[in-house]
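Presented below is the structure to which this report refers.
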Amino acid sequence: MSLIIDNLTVRLYTDFKKKEFFNVADSVSFSVQNGEIIAVVGESGSGKSFLGLSLMRLNPPYISEISSGSILISDSGGFEKVDIVKLKENQLSGVRGRLISMIFQDPNVSLNPVIKIGEQIVEAILAHKKMKKKDACDIAIHYLELMRIDGKARFNSYPHELSGGMRQRVMIAMAMVLEPAVLVADEPTTALDVKTSLQVLALIEKMRFEKNVSVLFITHDLSIARNISDKTLVFYAGQIMEYGLTEDIINNPAHPYSISLTKSVPGLSKDYAPRERLFVIPGSLSQGDFKSGKCRFYNRCFKKTKECLNEIPLLKLSSGRFARCVNII
Ligand SMILES: Nc1ncnc2c1ncn2[C@@H]1O[C@H](COP(=O)(O)OP(=O)(O)OP(=O)(O)O)[C@@H](O)[C@H]1O
Ligand code: SF4
Ligand SMILES: [Mg+2]
């Protein structure tokens, strides 16, 4: 097992002085095995990025904190095991990039605007591996070229000299260059054209097959989740709503939120009929849903009953399949 998240709760303060907060990730538990890809799907604002950032302990300081739980990471040989939550700040740099790496939703977050992109990748390599600078440069160029960037020509470019899509690809090269045990990919293809998107997805697949990398793939796009992931975790207002094999969740969703999501994507639901209007989930996700004390999907659910007006636990439906709903037949 490469990544085990147990009961992870992350607070987001709405007023730090008054200690007012809500749990942007609430008692989240799941695990990712070596070489497995797990998709985290859910609509905008559901807390997917916060979850991903928290796994690197990069959740924004001062406004958020991990209040409980553990994040256990081991390398693919099982020689090294760490609990990210317990690490001291100065120990984190030895783990980030090497054991766990992240492709950020916003490429500008991870690229230093005043350092040439080739140098940034080389610095990342040399921070963790003892080798000659020339060899690190060759690796950097190789990874840029895997991302369809002319590595030699662009090595000395500054981030602002590249297009948004190119910056995204540089960041992906940087996240992958150390071949981490766990890769958190937060909407890695959103800013890319179709051809490059497919290339990035193929590279992630290659890394998982050849290097046994475990991937947490964050996306709001269920079609991408279907194509790339083994398992899917449906996330809403900071909680896992449903979890299981991706093909089961797409072909036979159990939770009303998963059912609604699959019906809102053309061609995904087995009930989909061309030319029929797509389903639109009524209402929208609000901050109040994160702290409601009832089912977090209650306000928008087509199946709600008075039994839903309590906190709902994650229930086991079958081996490896869970859902947080009291009205699943
Ligand atoms: N820096 C921040 N300061 C305050 N609140 C934030 C901050 N970043 C996110 N939030 C809030 O935290 C919640 C979860 O946000 P998050 O970015 O994790 O959602 P997401 O699922 O990644 O959405 P998207 O699909 O749009 O990227 C939202 O309610 C959002 O408004
Ligand atoms: S617990 Fe109730 S409100 Fe929540 S998803 Fe199930 S039926 Fe809907
Ligand atoms: Mg996000």
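Bear in mind that the values in this text are calculations on the coordinates, not laboratory data. Note that the coordinates shown come from a computational prediction; the quantities given were computed from them, not determined experimentally. Using ideal geometry, Cβ is built from the backbone for each residue, glycine included, and neighbour counts are taken over all protein chains shown.
Along the chain, counting only GluC sites (Glu not before Pro) with a DSSP assignment other than H, G, I, E or B and at most 14 other Cβ atoms inside a 10 Å radius, the longest segment between sites is 81-275.
Helix 164-176 axis versus longest C-alpha principal axis of the chain: approximately 80°, rounded to the nearest ten. In summary, the lysines within cross-link reach of residue 195, defined as a Cα separation below 17 angstrom excluding same-chain residues under 8 places away, comprise 206.
Just so you know, the Rg over Rh for region 250-329 is 0.99, from Cα atoms, with Rh as the Kirkwood radius. Rounded to the nearest Å, what's the spacing between the alpha carbon centres of region 103-118 and region 224-245? Just the number, please. For region 103-118 versus region 224-245, the Cα centre distance is 28 Å.
Convex hull volume of the C-alpha atoms in region 2-145, normalised per residue: 152 Å³. Only aspartates and glutamates eight or more places from residue 88 in sequence, or on another chain, were considered; those with a Cα closer than 15 Å are 65. Taking the empirical scaling 2.2 N^0.38 Å for compact globular proteins as reference, the chain has a Cα radius of gyration ratio of 1.02.
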